[in-house]
Amino acid sequence: MSNKTLRIAGVTRTFPGRGKAGPTLALQPTDMTAAPGEFIAILGPSGCGKSTLLRIVAGLDQPTAGSVTLDGAPVTAPGADRGMVFQSYTLFPWLTVAQNIRFGLQERGVPDAEQQAIAARFIARTGLKGFENHWPRQLSGGMQQRCALARALANDPEILLLDEPFGALDHQTRELMQELLLEIWEADRKTVLFVTHDIDEAIFLAKRVVVMSARPGRIKADVPIPLPYPRDWTMKTSAEFGTLKARLMGEIREEVRKAAMA
Amino acid sequence: MKPLVPVPAAARVILGVGFFAMFVGVWAAVTYSGYVPPLFLASPGQALLSGWSLLTEYGFLGDIAVTIWRVVGGFVIAAACGVPLGLLMGTFKPVEAFFEPFVSFARYLPASAFIPLLILWVGIGETQKLSLIFIGSFFQIVIMVSVIAGGTRMDLVEAAYTLGAKSRGVLRRVILPASAPLVMETLRLVLGWAWTYVIVAELIGASSGIGHMIMDSQRLLDTGQMIFGIVVIGLIGLATDFLFKALNRWLFPWAAL
Ligand SMILES: Nc1ncnc2c1ncn2[C@@H]1O[C@H](COP(=O)(O)OP(=O)(O)O)[C@@H](O)[C@H]1O
Ligand SMILES: [Mg+2]
């Protein structure tokens, strides 16, 4: 269970121009607060600054203006309290599944026996039993992302930052992964920021969907999702789900069109 | 033939051996027919005979051992200094900015042009041979390793940061293992060049070694011995290549092969 509040206050990001190209305003001043244990989906067209926002929260990028604080303490650099799963496959190819999951624990000097116990627990929870000693290249895309999730969770972070983690997976695998993630979140109640451009995914997973506008990104709407947890896939066909989907589609269509024309 | 379609293992061996056989065949044809006189090129049989007498009567095995020792010695020193420096340069940009211009300049200096200077500085002993190999290998290793380390996948580095790693951890646990296979590949390449430097060093001012033997044979106009010496170098090169590849497979089972 997370117990810290994440505050994003006036965060802005301008990328300096290269050569003739002028600077790019990727993110307009953005404010957002994530209560402890909240599951927030960030929805927006491609190029609207979703990754930029998440990277700033992770400490991998610095805002041009504004600040990110965790229970009042400013975030300036990456740290183990904010775990991240990327869209690209980022398991360390030279480490086995179990070694990948233990990476952060080793870095923090957790005793060996404890590392093994933690790794075993997350291997079981992400359905990777029997693959502990496989190399990443021997795993399917879905398994690699499950392992990446286990690796982030093993560190017991306050906040989980997920940047389109299922974006490269096929539809069926994606749905299974969503259910797995929900199951984990329902049990652990960690604060999650989940970036996606898939409306169904956002509604199915999140307690709140933050819709971003086309570039330069800003928060355009903040839509609560009142569907009760625990959720399961049958909800995707419910009338309430349909209503929410229609509303979000309305919000996002315009932005996608703007992004496509830009 | 279709582009980029792999060839079956058996066919590969046959093709590879086939060219060797053809090469020796042409060599035999031009020498045994008398088309090229023995003064310029010994026949394969003559080269083998000369080789046999070199090995049994003139202690050529000792020369081979000395040459291998020199190559390995100079190369190991160059690698032991060059790989860490290259890794640091690739990882830390200020270090790179400091050394890179000089190293880029130094690696174009022809190593063999240093021989006269080296003889002046350190004489014609082993130090001169090792120094030449060092000069010839070190700067190449540094540049290539720094490029490899600098090309480490950024997303892996960032993943390590989000898992709580700091600079040291990133260097030791990401950049180092990520670069290792390509660094080994670089070392294999540079070892090949080191062989050419050692022979050059031995052609001038040496009293032992394969290069010295080849120089001696020229005085006697014994092309059989010269060719045997050259072939021995090729065979040793082939064997080290093979060893390096086996070592890489053993060290890096995770890399797609
Ligand atoms: N390192 C960078 N340098 C310059 N421009 C960048 C950089 N990273 C992102 N951008 C630009 O910022 C905008 C937002 O990018 P990003 O946050 O990746 O969008 P999203 O994740 O929503 O698709 C894009 O127009 C992108 O081209
Ligand atoms: Mg993105």
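The values are calculated or read from the model by the stated rules, or taken from the named source; none is laboratory data. Being a predicted model, the structure only gives us computed values, none of them experimental. Neighbour counts are summed over all protein chains in view; Cβ atoms, including those assigned to glycine, are modelled from backbone coordinates with ideal geometry. Note: areas computed on protein heavy atoms with side chains; ligands, DNA, RNA excluded. Shrake-Rupley method; radii C 1.70, N 1.55, O 1.52, S 1.80 Å.
What the table shows:
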{"item": "Two-decimal ratio, region A:1-129, of alpha-carbon radius of gyration to 2.2 N^0.38 Å", "result": "1.27"}
{"item": "Of A:Ala154, A:Leu180, A:Met143, farthest towards positive along the dipole that unit charges on Lys, Arg, Asp, Glu beta carbons give region A:139-186", "result": "A:Met143"}
{"item": "10 Å Cβ shell holding at most 16 others, DSSP loop, chymotrypsin sites (Phe, Trp or Tyr not before Pro): longest site-free stretch of chain B", "result": "B:109-257"}
{"item": "R0 of 51 Å, Cβ-Cβ distance A:Ala246-B:Glu185: FRET efficiency to nearest 0.05", "result": "0.35"}
{"item": "Along each principal axis, Cα extent of region A:95-156, largest first, Å", "result": "30, 20, 17"}
{"item": "By accessible area with a 1.4 Å probe, ligands and nucleic acids excluded, highest first: order of A:Asp200, A:Asp112, A:Asp61", "result": "A:Asp112, A:Asp200, A:Asp61"}
{"item": "Links that overshoot a 26 Å alpha carbon limit, given the list A:Lys207/A:Lys236; B:Lys93/B:Lys129; B:Lys93/B:Lys166", "result": "B:Lys93/B:Lys129"}
{"item": "DSSP-defined antiparallel bridges as percent of all bridges, chain A, nearest 5", "result": "50"}
{"item": "Unit Cα scatterers, Debye sum, region B:1-83: log10 I(q)/I(0) for q = 0.20, 0.22, 0.25, 0.26 Å⁻¹", "result": "-0.92, -0.95, -1.06, -1.11"}
{"item": "Segments B:79-86, A:245-252, A:210-217 sorted - mean Cβ within 10 Å per residue, highest first", "result": "A:210-217, B:79-86, A:245-252"}
{"item": "B/A buried area, accessible surface, summed, 1.4 Å probe, Å²", "result": "2000"}
{"item": "Per-selection Rg to Rh, the protein assembly as shown - Cα, Kirkwood hydrodynamic radius", "result": "1.14"}
{"item": "Gained length - B:Val24 relative to B:Ser53, 0.36 nm times residue gap less alpha-carbon distance", "result": "8.3 nm"}
{"item": "Cross-link reach list, aspartates and glutamates versus A:Lys220, counting only Cα pairs under 15 Å and skipping chain neighbours closer than eight places", "result": "A:Asp31, A:Glu251, A:Glu254, A:Glu255"}
{"item": "Extended-chain gain in nm, criterion 0.36 nm per residue less alpha-carbon gap, A:Ala168 and A:Asp188", "result": "4.6 nm"}
{"item": "Mean separation of Cα contacts under 8 Å, 6 or more apart, over the residue count of chain B: relative contact order %", "result": "25"}
{"item": "Rounded, prolate or oblate (a/c below 1.5 giving rounded, otherwise prolate when a/b exceeds b/c) for region B:1-139 by Cα gyration tensor", "result": "oblate"}
{"item": "Inverse of mean 1/r across different Cα pairs in chain A, Kirkwood, Å", "result": "19.0"}
{"item": "Region B:146-257: relative contact order as a whole-number percent, Cα under 8 Å and 6+ apart", "result": "20"}
{"item": "Listed residues A:Pro93, A:Thr5, A:Ser213: farthest to the positive end of the dipole of chain A (Cβ charges)", "result": "A:Ser213"}
{"item": "Solvent-accessible area of A:His197 with every protein chain in place, 1.4 Å probe, in Å² to the nearest 10", "result": "110"}
{"item": "Kirkwood hydrodynamic radius of chain B, from inverse mean 1/r over distinct Cα pairs, in Å", "result": "21.1"}
